[in-house]
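Engineer: Structure provided below as structure tokens; questions to follow.
The values are calculated or read from the model by the stated rules, or taken from the named source; none is laboratory data. Note that the structure is predicted; figures quoted are calculated from it, not measured. A quick note on method: Cβ atoms are made from the backbone with ideal geometry, for glycine too, and the neighbour counts reach across all protein chains shown. These area figures cover heavy atoms from the full protein model, side chains too; ligands, DNA and RNA do not enter into them. Shrake-Rupley method; radii C 1.70, N 1.55, O 1.52, S 1.80 Å.
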Amino acid sequence: MHTKKTSTGTSGTGGPRLAAATLPDSSLAAVRYEYGPPAGIEVAPRPVPTPGPGQVLLQVHAGGLDRGAWHLMAGEPYAVRLAGYGVRRPKQPRLGLDVAGTVVALGEGVEEFAVGDEVFGIADGSWAEHAVADVTRLALRPANVSPVQAAVSAVSGITALQALVDVAGVEPGQRVLVVGASGGVGSFAVQLAVALGAQVDGVASAAKAPLVRDLGASRVYDYATEDPYDGSQRYDVIIDTGGLNPVRVLRQALTTRGTLVIVGGEGGGRITGGVGRQMRAAMRSPFVRHRLAMFISAEAKGHVAKLAAFLEDGSVVPAVGATYPLGRVREAIEDLLAGRARGKSAILVATGEDGGSS
């Protein structure tokens, strides 16, 4: 069962269809006007955005935090800037991607949602009291999933789902190793691989091993004291979200025709970052027996809805880590960068939202 309302309001002027209550002119949002460290972020009043054609305006309950949001904040690697986000300074000052909220206005041509619907997905600037999102990047929030759980799901969840299904083609009975299993993408990858019928192991720190086991991993390697890649165990698929392991090392743990999927990565230089390692792996793939896949998540229509089905049937439960009020967004990012985050951190926006420990 999804959280959906059927009633709508209308502006009567051909503009966005609005909620019954009049929207404010401005509301709080986390913004930055230059690329750089978290110190450059401010939470300040900004004009409430207007949804365009095919968009909705959300009253935000909570937003999720992952390294993708940090890359957009910092403008690193520089490939991020060249991808259309602004070369010298960010085109979009608002921060945050993952979102859960209530639809309060509809742009022109929107029929998929109604004012009052509870939704989750990806928005432009979700660390704010109001945010605009394309309807293709949203789905109705399942009734059994809290707003905070939903808020941390979309970016990492669809990345893990695409890596496992679209790229690796995981089948029941296969052995899957998830590197970085306690992180945002990793925590979803473990659960989704189990739901797909695979036998799943994970790589994480000793402190985070209990979390990974709770997610469904049969075995958790402590990367500080164990070597998962010594060849004693072989995997049909390795999903690497850690970003620091050389490809030649990872290949030692693959079966003869195994598949390595590199998801993002935090290594490399300031120009290409972890994408450079992905590109080198993809270029090497035709010349080795293993399949080495370059993968960058795409926010295509339908991906969030597919993830919603796993959330609704309970096979995937978002691993919410620490939660922070909107005014402490800098602290949230600093904790992420310092490696203190477990699962996905959440930025709480609506009063009364709760989903973990702060």
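Engineer: S315 fails exactly one of the following numbered conditions: (1) open to solvent by less than 20 Å² (accessible area, probe 1.4 Å); (2) modelled with pLDDT of 85 or more. What is the number of that condition?
Structural biologist: Every condition holds for S315 apart from (1).
Engineer: Right, next: So which residues in the range 318-344 are open to solvent by 50 Å² or more (accessible area, probe 1.4 Å), in a loop (DSSP other than H, G, I, E, B) and in contact with a Leu (Cβ under 8 Å, 6 or more places away or on another chain)?
Structural biologist: R342
Engineer: Moving to a separate point now. Using the structure shown, decide if R175 is touching a Lys or Arg at 6+ places or on another chain (Cβ under 8 Å), within 30 Å of D236 (Cα to Cα) and surrounded by fewer than 22 Cβ atoms within 10 Å (Cβ to Cβ).
Structural biologist: Against the criterion (touching a Lys or Arg at 6+ places or on another chain (Cβ under 8 Å), within 30 Å of D236 (Cα to Cα) and surrounded by fewer than 22 Cβ atoms within 10 Å (Cβ to Cβ)), R175 qualifies.
Engineer: Restricting to the range 90-103, what's the tally of residues that are without any contact (Cβ under 8 Å) to a residue 60 or more places away in the chain, open to solvent by 20 Å² or more (accessible area, probe 1.4 Å) and under 19 Å from the mean Cα position of the chain (by Cα)?
Structural biologist: Total meeting the criteria: 2.
Engineer: Could you check the range 140-160 and list, in sequence order, the residues that are hydrophobic (A, V, I, L, M, F, W, C), modelled with pLDDT of 95 or more and open to solvent by 10 Å² or more (accessible area, probe 1.4 Å)?
Structural biologist: Hits for the range 140-160 are L140, A143.
Engineer: Looking for whichever is part of a strand (DSSP E or B) and on the phi < 0 side of the Ramachandran plot here; the options are V176, V194, V185. Which one fits?
Structural biologist: Exactly one residue qualifies, and that residue is V176.
Engineer: If E299 passes every condition in (1) open to solvent by 60 Å² or more (accessible area, probe 1.4 Å); (2) under 26 Å from A133 (Cβ atoms); (3) touching a strand residue (DSSP E or B) at 6+ places or on another chain (Cβ under 8 Å); (4) at pLDDT 95 or above but one, which one does it miss?
Structural biologist: (4)
Engineer: Quick one: in the range 104-128, which of the residues that are assigned to a loop (DSSP other than H, G, I, E, B) and β-branched (V, I, T) is most open to solvent (accessible area, probe 1.4 Å)?
Structural biologist: Among those that are assigned to a loop (DSSP other than H, G, I, E, B) and β-branched (V, I, T), it is V115.
Engineer: Of the residues that make up the range 160-168, is at least one within 16 Å of P318 (Cβ to Cβ), under 15 Å from the mean Cα position of the chain (by Cα) and hydrophobic (A, V, I, L, M, F, W, C)?
Structural biologist: yes
Engineer: May I pose another question? Among the residues of the range 179-208, how many are open to solvent by less than 20 Å² (accessible area, probe 1.4 Å), farther than 16 Å from L260 by Cβ and in contact (Cβ under 8 Å) with a residue 40 or more places away in the chain?
Structural biologist: Looking only at that region, the number is 6.
Engineer: Among the residues of the range 209-265, which ones are acidic (D, E) and either open to solvent by 10 Å² or more (accessible area, probe 1.4 Å) or in a loop (DSSP other than H, G, I, E, B) (or both)?
Structural biologist: Residues satisfying the conditions are D214, D222, E226, D227, D230, D236.
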